[in-house]
Amino acid sequence: MKHLTLFKWLTVLTCLVMFLATFGGGIVTKTESGLGCGTEWPLCNGKLVPAHTVASLIEYSHRAVSALAGLLSIASFVAFLRFGKSRRDLQLFSFLTLVFVIVQGIMGAFAVVFSQSSAVMALHFGFALIAFASSLMMALGIRQEAKDGGLERLNKYPRVSKKFRNLVWFSTIYTYLVVYTGAFVSHTDSAGGCSGFPLCNGQIIPELSGGVAVAFAHRAAAASLVIVIAILGHFAYRNHPDNKEMRTLGVVSVVLILMQVVIGIFMMVTMNRPEVYMFVALAHMLDIAILFGVLTYMSFLVYKLHRPANRF
């Protein structure tokens, strides 16, 4: 592949800025700074440079980082389209990065100018997460191209079963759905719907109404996700003794989901301490973003390893 060094730096920078844009969106939500620039876009309260208020600076910084992520996504897509023709998979990831950056940017702008439902706004984080995962796949792909000569290294690995491939794909899709329920909790201000842990308001199944129903649904989905990831980690480690990479990814997935549980408990404990709760909530978001990135990479890996060798 031509211009490999340039590709490496471009994809790493794109992935980093994409992560900052995704993380910044979480900060905007948690600090309720979405209207820090009023109902105007791209201007901030009628100005190119915003007033020095905390809310306006947070919102405007997020806009600036998101705009930079968009520009880098365009640069990555053009670069892969022109010089990366030997890696159609990475061309696809660059395209997905660009598309979802544009979509989540448009949704962000519409949320400022026009009132949007919580259900729609929850998708904003979900699309940003897909853009981040796609940019991560670009960066990892180029790193492997430089280090191992691309996908040829996968020829030395045994093939994976169809059942395991489907388990990985199901786990990735289900994780995304659980992330959506978490984003919906944030955008409906339902985090306080369930107090206490592991019971919800002192009950196994509380009265399901309003914010309680939203928060309880997320808890139930998150609990089942722990089971799904535990099963995935078990089979990834047990059934692939000759694939150290797959075993490592399985272990990392289990560790991340257990960390998510611990962080979730801390969220319940610190809910009445907003100065601490915000940082715990951001750690919750950071952990799930990393987990989704790991699962996305596993999904790509099992897709390749389910196919016959020498067909990359």
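The values are calculated or read from the model by the stated rules, or taken from the named source; none is laboratory data. Every value quoted in this text rests on a predicted model; they were computed, and no experiment measured them. Positions of Cβ are backbone-derived with ideal geometry, glycine not excepted, and every protein chain shown enters the neighbour counts. We work out accessible area using only protein heavy atoms, side chains counted, and drop any ligands, DNA or RNA first. Shrake-Rupley method; radii C 1.70, N 1.55, O 1.52, S 1.80 Å.
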### Query
Out of segment 181-203, which residues are part of a loop (DSSP other than H, G, I, E, B), touching a Lys or Arg at 6+ places or on another chain (Cβ under 9 Å) and not hydrophobic (A, V, I, L, M, F, W, C)?
Pro198
### Query
Does His234 count as assigned to a helix (DSSP H, G or I) and either open to solvent by 70 Å² or more (accessible area, probe 1.4 Å) or of a type outside the set (Lys, Arg) (or both)?
yes
### Query
List, please: which pairs have Cβ atoms under 6 Å, are six or more places apart or on different chains, and start with a residue in segment 167-180 that is more than 11 Å from Ala222 (Cα to Cα) and assigned to a helix (DSSP H, G or I) and end with one that is among the β-branched types (Val, Ile, Thr) and at pLDDT 95 or above?
Ser171/Val228
### Query
Taking segment 246-282 on its own, how many of its residues are in contact with a helix residue (DSSP H, G or I) (Cβ under 7 Å, 6 or more places away or on another chain) and among the charged types (D, E, K, R)?
1
### Task
Would you check which residues across segment 237-252 are in a helix (DSSP H, G or I) and either open to solvent by less than 80 Å² (accessible area, probe 1.4 Å) or closer than 20 Å to Ile288 by Cα (or both) and list them?
Glu245, Met246, Arg247, Thr248, Leu249, Gly250, Val251, Val252
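One line per residue, one yes/no per condition, for (1) open to solvent by 30 Å² or more (accessible area, probe 1.4 Å); (2) in contact with a Lys or Arg (Cβ under 7 Å, 6 or more places away or on another chain); (3) modelled with pLDDT of 90 or more:
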{"residue": "His218", "(1), (2), (3)": "yes, no, no"}
{"residue": "Val254", "(1), (2), (3)": "yes, no, yes"}
{"residue": "Tyr277", "(1), (2), (3)": "yes, no, no"}
{"residue": "Phe292", "(1), (2), (3)": "no, no, yes"}
{"residue": "Arg307", "(1), (2), (3)": "yes, no, no"}
### Query
Would you say Phe235 is touching a residue at least 24 places away in the same chain (Cβ under 8 Å) and more than 21 Å from the chain's Cα centre (by Cα)?
yes
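Rundown of residues vs (1) of a type outside the set (Gly, Ala, Ser); (2) surrounded by 15 or more Cβ atoms within 10 Å (Cβ to Cβ); (3) closer than 19 Å to Ser253 by Cα, yes/no style:
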position: Trp169; (1), (2), (3): yes, yes, yes
position: Thr175; (1), (2), (3): yes, yes, yes
position: Asp189; (1), (2), (3): yes, no, no
position: Ser195; (1), (2), (3): no, yes, no
position: Asn201; (1), (2), (3): yes, no, no
position: Val214; (1), (2), (3): yes, yes, no
### Message
Residue pairs, Cβ under 8 Å, 6 or more apart or interchain, first in segment 80-106 and surrounded by fewer than 22 Cβ atoms within 10 Å (Cβ to Cβ), second among the β-branched types (Val, Ile, Thr) and part of a helix (DSSP H, G or I). List them.
### Response
Leu96/Ile130
### Query
Before we move on, is Val185 modelled with pLDDT of 90 or more and open to solvent by less than 60 Å² (accessible area, probe 1.4 Å)?
no
### Query
Which residues, counting only those in segment 156-166, are open to solvent by less than 40 Å² (accessible area, probe 1.4 Å) and part of a loop (DSSP other than H, G, I, E, B)?
Tyr157, Val160
### Query
Is there any pair with a first residue in segment 249-277 that is touching a residue at least 24 places away in the same chain (Cβ under 8 Å) and among the hydroxyl-bearing types (Ser, Thr, Tyr) and a second that is assigned to a helix (DSSP H, G or I) and surrounded by 16 or more Cβ atoms within 10 Å (Cβ to Cβ) whose Cβ atoms are under 6 Å apart and which are 6 or more apart or on different chains, and what are they?
Ser253/Ile229; Ser253/Gly233; Ser253/Val294
